[in-house]
1. State, as an integer percentage, the relative contact order of the chain based on alpha-carbon contacts under 8 Å between residues 6 or more apart.
2. For segment 46-234, calculate the relative contact order in percent as a whole number, restricting contacts to Cα pairs under 8 Å that are 6 or more residues apart.
3. Work out the length of the dipole vector of segment 240-364 about its Cα centre, built from +1 on the beta-carbon of each Lys and Arg and -1 on the beta-carbon of each Asp and Glu, and round it to the nearest 20 debye.
4. With θ set to phi - 60° and the Karplus curve 6.51 cos²θ - 1.76 cosθ + 1.60, what are the ³J(HN,Hα) couplings of segment 146-159 in order, to the nearest whole Hz, using x for Gly and Pro?
5. Would you please put 445-451, 459-465 in order of how densely packed they are, using the mean number of other Cβ atoms within 10 angstrom per residue and starting with the highest?
6. Among 255-261, 152-158, 168-174, how do they line up by average Cβ neighbours within 10 Å per residue, starting with the highest?
7. Nothing charged except the Cβ atoms of Lys and Arg (+1) and of Asp and Glu (-1): what's the magnitude of the dipole of the chain about its Cα centre? Round to the nearest 20 debye.
8. Working out 0.36 nm times the residue gap between Asn587 and Gln179, then minus their Cα-Cα distance, what length gain in nm do you get to one decimal?
Amino acid sequence: MNKFFARRFVIQGIFIATAIVLLTRIFYIQVVSDQYILSANNNVLRKILIYPARGIILDRKEKILVQNEPVYDLMVIPREVKPFDTLLFCSLIGIDKAGFDKRFKKANNYSPYKASIFEKQLSAQTYAKFQELLFEYPGFFVQNRTVRRYPDSTAAQFLGYIGEVSEKAIEKSEGFYRQGDYIGISGVEKSYEDLLRGQRGVQNLMVDALNRPKGHFADGKYDTIAVSGERLISSLDKELQKLGERLMQNKIGSIVAIEPSTGEILSFVSSPGYDPNMMVGRQRGNNYMKLLNEPSKPMFIRPIQAEYPPGSIFKVINALVAQQFGLINENTVFYCPGGYSYGRGAFMRCTHVHGSVDLERSIQESCNTFYGYTYNRMIDHAGMRPVNAYKKWREAVAKFGIGDRLGIDLPNERKGLLPTDELYTKRWRSDKWGSSFNISLSIGQGELGITPLQMANVMAIVANRGFYYKPHLVKAIGEKKVIKKEYTKRNSAGITFLHFDPVIEGMSQVVNSPGGTAAYSLIPGIEMCGKTGTVQNPHGEDHSVFVAFAPRENPKIAIAVVVENAGFGSTWSAPIASLMVEQYIKNSISRPKIYVDRLLQANLLPGYSSKAKKPKVPSGQKPDSSKKDTVRTKAAPKTSTGK
């Protein structure tokens, strides 16, 4: 009897234990693990993401700069894959067996039950061949995507490029982005990502055992449509941009052109550039590394990231600030004996002996001596300690947008450098210094660093006689052509309107007078006002710089051109700027073919040897400055206050 009861308890225990195991397993399958539900759902239901078309980008005349092109991502669910002819499969999509194994392992490691990308961006041609045989490869399906296409292969640094989203960006997006999504990496693509990207949609498709779609689940009740990104109307003039890129071929430097009345950027050339189509497609990674390792740095956005001493073009700012301070006026005259003496036996050379020079002529002939005396008055004879006068001078210069970001709608803009009084006090270990300690600032040399964008913006200020609008590259957003309010706000440079008259007259004479430093760049029928600059470069030949605006009345364009290692501003930068100005205003160029070809065919890259590398200054030209401008100085005493 006892044995019977003992046996019964053993049998009951076995049944109870078995029931517990089964219930635990059922709980695990249905609640804890998603393995089986994923497998089941993938057998009958497939969730397809519908990627929106990214917003197109147009030029100011609404001509296409960037459009979309269809591509196809090949997706895989590893658990559903059955044995097949791998070599034929590889040949269809253009990979080898090793590449297949690597891709499949990566997908399986991600999840055997979830879809992931097997091969990105199959072309329409490749997909057409593959589509007919897709039913033979269970576990694989195709997802439609679009990529960027640049029909004119222009404005790469302005437009930027897109790429696959990083893990950091996914986390930061709080669920918006997923693995395999694309995001703007640089340029306008990055700055306006929120507007360009659009909104994903979802389709829930029923599929049969052969992986063939059988219609929408619940008649599409749970589907959502994709919303395309907003279109952007940029401020660029496509034809002007293309001309600028041609003129800067085989040269290193920048062209920035601005419409003064709006702050809209008409041309944004960074040279050398690259074909933006290189950053699209399956070779993007290889092309990126190739561009990154180029010695000429085509990925470096020179208009907003390169910083140069402005050279003689800075005399325009000093002339305006000194007038605003009441220390010079249009009738002020200084005598130029061929240079400016200061400190204890130090001498800053001028281009030649000018004799008596007034303000207008100092701009026209770029007299260093005039600005040595002018800077001396602003720092040493301002009725206050020189260090405080320098602070006042620096604040006035900063209002021109120097030494700080202008806030252009591109990432990674640099501030440039406008040295503080603390820099000199630390250098000389005393605050009892004066103009002789940084006299090079009088002619735009020394510690100054200004971007080409800032140079062009200074010209917009002069063109407007005292104010500017924030420079920007996107003119309007969406079908309603919305304009950001920040781009309609005037920013004052703090200079009285009348002080611009003698400066502008001098700038007009630079181009339109036979004795001007840029007379070779005169434009028939257009009064262009400009200023040449030859910027000392400790690493090689001087940089050629020219800034201008035109026409004199009701200006339509302000421009800055920098050509590195090219010498006189009058020889290279001024003629390039004059062609850009004429093209924009007249929509044609009237200069002789030999004039244009000289600029188009010149190779000014460092290390390139040719007769065109060091041309003679065109007939009738006077160099604005040269290496003779170098500030020849002995060590100045720590307590000197200058002249």
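1. Rounded, it is 14 percent for the chain.
2. 34
3. Result for segment 240-364 is approximately 580 debye, rounded to the nearest 20.
4. 10, 10, 7, 9, 10, x, 9, 6, 10, 6, 4, 5, 6, 5
5. 459-465, 445-451
6. 255-261, 152-158, 168-174
7. Magnitude of the dipole: close to 1360 debye.
8. 142.2 nm
Each value in this text was obtained by applying a stated rule to the coordinates, not by laboratory testing. Computed from a predicted structure; not experimentally measured. Backbone-built Cβ (ideal geometry, glycine too); neighbour counts: all protein chains shown.
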